[in-house]
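Working notes, structure below.
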Amino acid sequence: MTANFGHVERVTIWTEKGEITFRSKLEYRWYVWTQLRKDSRIIRDWWYEDQDSCLELTQEYKDNKKLYLPDFTILTNRGEYEFEECKGYFPAKDATKIKLAAQQYETPITLIFANLSPNSKNSKIRTQRRRAEALEPHIKRVIYNADKTIFKPIKHLFQV
């Protein structure tokens, strides 16, 4: 089942973990990939927007706190936790939160984009790409083109 909320199409499905409403098709597709990794025993388990994973971030220069709730919390086979964050649009405030989370916590972060081309003619996309590139030294990795590199081979598994 899908519902359209402005420019973002939400996807609601039933899983072994109950009903989940993903904020975008990108998050839904990443869920399919994540569940496939779990079923293949590449990871031990995963959670979507797990409240126990909510991080309190401190900004020194503003002396205030921000909250960061990662899209996916992954439990690796080594018993370690990692965060995976899906981004359709990548504003500066989100880049700041991810950088603060990487600096203040030990948990590795992977940033996922469906398609953030370095050669785009759209200046907004190029700006978002530069934001992601600036985060590369601080996080585990950035996946710039999940549509081709991950989702294309498993597209037959998507319900929507």
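The values are calculated or read from the model by the stated rules, or taken from the named source; none is laboratory data. Since this is a predicted model, take the numbers as computed values, not measurements. Because the Cβ atoms are built from the backbone with ideal geometry, glycine has one as well, and the counts that use them run over all protein chains shown.
Couple of notes before you dig in:
- I125 meets the conditions (1) of a type outside the set (D, E); (2) part of a loop (DSSP other than H, G, I, E, B); (3) more than 23 Å from D45 (Cβ to Cβ) in every case but one. The failed one is (2).
- Filtering region 97-132 to residues that are free of Cβ contacts under 8 Å to residues at least 24 places away in the same chain and under 28 Å from Q51 (Cα atoms) leaves only E106.
Residues are listed down the side, and each one gets a yes or a no for (1) hydrophobic (A, V, I, L, M, F, W, C); (2) at pLDDT below 95; (3) under 15 Å from the mean Cα position of the chain (by Cα); (4) surrounded by 13 or more Cβ atoms within 10 Å (Cβ to Cβ):
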| residue | (1), (2), (3), (4) |
| --- | --- |
| T15 | no, yes, no, no |
| T21 | no, yes, yes, yes |
| W30 | yes, no, yes, yes |
| W33 | yes, no, yes, yes |
| W47 | yes, no, yes, yes |
| Y61 | no, yes, no, no |
| K65 | no, yes, no, no |
| L69 | yes, no, yes, yes |
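- Scan of region 118-160 for residues that are among the aliphatic types (A, V, I, L, M) and more than 23 Å from Y28 (Cβ to Cβ), ordered by number: A134, L135
- Each residue in region 49-59 was checked for being farther than 22 Å from K87 by Cα and surrounded by 14 or more Cβ atoms within 10 Å (Cβ to Cβ), and 0 pass.
- Scanning region 128-160 for residues that are part of a helix (DSSP H, G or I), in contact with a helix residue (DSSP H, G or I) (Cβ under 8 Å, 6 or more places away or on another chain) and not basic (K, R) yields A132, A134, L135, A146, I150, F151, I154, L157.
- Within the set L135, L111, the sole residue that is within 19 Å of W46 (Cβ to Cβ) and either more than 14 Å from the chain's Cα centre (by Cα) or buried (at least 16 other Cβ atoms within 10 Å of the Cβ) (or both) turns out to be L111.
- Apart from one condition, I43 fits all of (1) more than 25 Å from D147 (Cβ to Cβ); (2) surrounded by 14 or more Cβ atoms within 10 Å (Cβ to Cβ); (3) of a type in the set (A, V, I, L, M, F, W, C); the exception is (1).
- A single entry from I74, I43 fulfils the requirement of being among the aliphatic types (A, V, I, L, M) and more than 24 Å from A132 (Cα to Cα): I43.
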